[in-house]
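Notes to accompany the following structure.
Please treat every number below as a calculation from the coordinates, not as lab data. A quick note: this is a predicted structure, and the numbers were derived from the prediction, not measured. Cβ sites come from the backbone with ideal geometry, for glycine too, and all protein chains shown count toward neighbours.
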Amino acid sequence: MSLTVNLRHLENRNLVLRGELSLAELDLDVRDELIRVAQPVEYDLEIEKLDDSVLVQGEIRVTLECECVRCLKKFAQEIELNPWTLHLPLEGEEKVFVDNDCVDLTPFVREDILLEFPQHPLCQKDCAGLNKKSSGKAQKTGGKTETKPSAWAKLDKLKL
Ligand SMILES: [Zn+2]
């Protein structure tokens, strides 16, 4: 099911739309190989007809599967658009496309979710990445433990 609003249903009362938008329906064109959308988008919206426009208010939620750019660990990141507000003019140059009294909200959801995608997904803000663990602390040990030969030398002298 795509996310469409029938304007005729809005004439006397507000509509509440709650449900899930399947991935096929959303058709997110994700060009980032570090991010995957694995679950449907949840929406919970109230739609109101104004004089010459439609007002949509509510929330949209989706969970992304990301891969950390630093340590390559996989993690889930939730995107939540709350409140999500959409104002769709029905008149004038900016007016929304209406097909058979229906307005498709899917493109607007798609666009706003894509804007929220992380540019550089990180499993945590200060992720140290892969390299620090192996190279960071190794240099602190080692150093001045080379004093034993003199002790042995003293023992040698005692034996004599
Ligand atoms: Zn990481």
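A compact table of results
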quantity: From V41, V5, residue being touching a strand residue (DSSP E or B) at 6+ places or on another chain (Cβ under 6 Å), closer than 16 Å to L115 by Cα and either without any contact (Cβ under 8 Å) to a residue 40 or more places away in the chain or not basic (K, R) (or both); calculated: V41
quantity: Residue among R61, R70 that is crowded, with 17+ Cβ neighbours inside 10 Å, within 16 Å of the ligand (Cβ to nearest atom) and basic (K, R); calculated: R70
quantity: Every pair of residues 6+ apart whose Cβ atoms lie under 6 Å, when the first sits in the range 45-56 and is in contact (Cβ under 8 Å) with a residue 12 or more places away in the chain while the second is of a type in the set (S, T, N, Q) and assigned to a loop (DSSP other than H, G, I, E, B); calculated: E46/N14; E48/N14
quantity: Extreme residue, farthest from V30 (Cα to Cα), among residues of the range 76-132 that are within 16 Å of the ligand (Cβ to nearest atom) and polar (S, T, N, Q); calculated: N131
quantity: Checking K74 against (1) more than 13 Å from the chain's Cα centre (by Cα); (2) farther than 17 Å from R18 by Cβ, the condition it does not meet; calculated: (1)
